[in-house]
Amino acid sequence: MKQEKMQKFRAFIAILLLLLVWTSGRAQQYTATEGLLHVPSADMDKKFTARVGIHYMPKSLVPDMMTVDGEKFNTFSYYISLTPLDWIQVSFVEVSWKFHQDLIPSNPIKFYSKDRHLSIKLRPIKEGRYWPSVAVGADDFWGRKDNGYSESNYFRNYYLALTKHFDIGGNSLGTHLTFRKWEWDFNHRYEGVVGGLTFQPRFYKPLRVIAEWDGCEMNIGADCRLFNLVQLQMFLQDCRYFSGGVCLAIKLM
């Protein structure tokens, strides 16, 4: 009997974990800005909201120029963001970078450095009954120049996003369409027209299931806000590579 109960308990845990991966808020969380998974949207945090968190990034999500010994690596992004008004959001992100200690090839490889960048998002048009919200934004937009070229800015891109939500029997269906332009050639596979769908069930509105096309791959995942404070996001990039994170979304006023 105990063995049977244990088997049932293990099956329950397995199903719960599967549901979390496939259906477990609101952010393009690895950049700390409101969005889908790898795609920006015109959604915004509520004003006076601050985020602080960490996100696991598989090497498939890391820009091709972030390498050590010519190889990409799995890493983490750490971030803080602020939405002082409901039409502007700014964030600061650090992505851990592996190097040989003291840049000496014979030394061990560890996370000795970070790539730091700023992001900003503006929403001049808020969603109405008959029209979508419209937002423009830029990631990694600030950086040094050398003969007119950025020295890093590996995440630099600019976008125009439209978002419209529809009520379907108390459930919310979000439609998102974005045009995105990347700075570097190694990110061009992700530019052009991208977008996706989000679904929030009426029985639990903090849960949002997401499917998106990022210009190169189809990504699926979900996010969920717990106790109106902790936000979880998990997704499969290209329906294969796990990425996920957690943040605190704090209402300052």
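The values are calculated or read from the model by the stated rules, or taken from the named source; none is laboratory data. Keep in mind the model is a prediction, meaning the values are calculated, not measured. As a convention, Cβ positions derive from the backbone with ideal geometry for all residues, glycine included, and neighbour counts pool all protein chains shown. With ligands, DNA and RNA removed, areas are computed over all heavy atoms of the protein, side chains included. Shrake-Rupley method; radii C 1.70, N 1.55, O 1.52, S 1.80 Å.
Taking 0.36 nm per residue of separation and subtracting the current Cα-Cα distance, fully stretching the chain between Lys181 and Met253 would add 22.4 nm. Modelled this way, with points 7 Å down the Cα-to-C-beta line, the labels at Ile54 and Asn171 are 3.5 nm from one another.
Where in region 202-229 is the amide nitrogen less than 20 Å from a point lying 7 Å along the Cα-to-Cβ axis of Asn74? Residues 219-222 fall inside that zone. Give Lys46/Lys205; Lys72/Lys110; Lys72/Lys164; Lys47/Lys164 a once-over and call out the pairs whose C-alpha atoms are over 25 Å from each other. With Cα atoms farther than 25 Å apart: Lys72/Lys164.
Could you put Phe235, Phe141 in order of accessible surface area, largest first, with the 1.4 Å probe and the full protein assembly present?
Phe141, Phe235
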